[in-house]
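Here's the structure we're looking at; comments come further down.
The values are calculated or read from the model by the stated rules, or taken from the named source; none is laboratory data. Keep in mind that what you see is a predicted model, and the values were worked out from it rather than measured. Positions of Cβ are generated from backbone atoms using ideal geometry, with glycine treated the same way; all protein chains shown enter the neighbour counts.
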Amino acid sequence: MAGGRPTKLTPELIGQARTYLESCSSLTAQYLPTIEGLALELHISRETVHQWANEPGEFSDIVSDLRNAQAQKLLQKSITGEYNASI
């Protein structure tokens, strides 16, 4: 077994990540879901989010859903004129 620090990724953090995604992924939510927002919510670095996102599991699925929600919201809000289309 390889040495190293144990992961901070716990079921509680996965739950917090899912809650963050749900709170800002709807088209009516005030904020756009972002990796940076997720990192702030979980009190971890963006680099840690990216590292965990590259490992198979529920967290990587959440980050994938976050990216899809972000793209959808950017597209829809740009079409309706709520966001600048050049974003």
Legend entry - Subset of the stretch 18-40 (residues that are part of a helix (DSSP H, G or I) and aromatic (F, W, Y)): Y20
Inset, instruction - Could you list, in sequence order, all residues of the stretch 51-70 that are aliphatic (A, V, I, L, M) and closer than 10 Å to S25 by Cα? - result: L66, A69
Inset, instruction - Tell me which residues, restricted to the stretch 9-37, are modelled with pLDDT under 90 and closer than 20 Å to S60 by Cα. - result: S25, S26
Legend entry - Of all residues in the stretch 47-58 being outside any loop (DSSP other than H, G, I, E, B) and free of Cβ contacts under 8 Å to residues at least 40 places away in the same chain, the one that is surrounded by the most Cβ atoms within 10 Å (Cβ to Cβ): V49
Legend entry - Sole residue being part of a loop (DSSP other than H, G, I, E, B) and surrounded by 15 or more Cβ atoms within 10 Å (Cβ to Cβ), chosen from I14, I62, I44: I44
